[in-house]
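See below for the structure under consideration.
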Amino acid sequence: MDEKRLERIEVKLDDISDHLSSIDKTLVEQHLSLKEHVRRTALLEKEVSPIKKHVNMVQGALLLITILSALAGIIECLRMIK
């Protein structure tokens, strides 16, 4: 191979190496960002857990009130029929 061709190949390899280094830096930054995101998500899930429990309790109470209201309505209808 002639000297110019070898020089062009070296330049291209250097460009590829620089590009790969840039990709590596980007991956490291993204990995750190992902770790922080996972940490914040875990904290938020801990905060939401009591809220979910409260919502379930309120839904249970509303269901109980609905059932008692339906029973009261049925009893009242039966009293009116007699």
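The values are calculated or read from the model by the stated rules, or taken from the named source; none is laboratory data. What you see is a predicted model; the values in this text were computed from it and never measured. Cβ coordinates were reconstructed from backbone atoms using ideal geometry, including for glycine residues, and neighbour counts include every protein chain displayed.
For the range 2-25, check the following and say yes or no: at least one residue is outside any helix (DSSP H, G or I) and surrounded by fewer than 10 Cβ atoms within 10 Å (Cβ to Cβ).
Yes: the range 2-25 contains one or more residues that are outside any helix (DSSP H, G or I) and surrounded by fewer than 10 Cβ atoms within 10 Å (Cβ to Cβ).
Does the range 27-36 contain at least one residue that is of a type in the set (Ser, Thr, Tyr) and modelled with pLDDT of 95 or more?
Within the range 27-36 (the criterion being of a type in the set (Ser, Thr, Tyr) and modelled with pLDDT of 95 or more), the answer is yes, since at least one residue qualifies.
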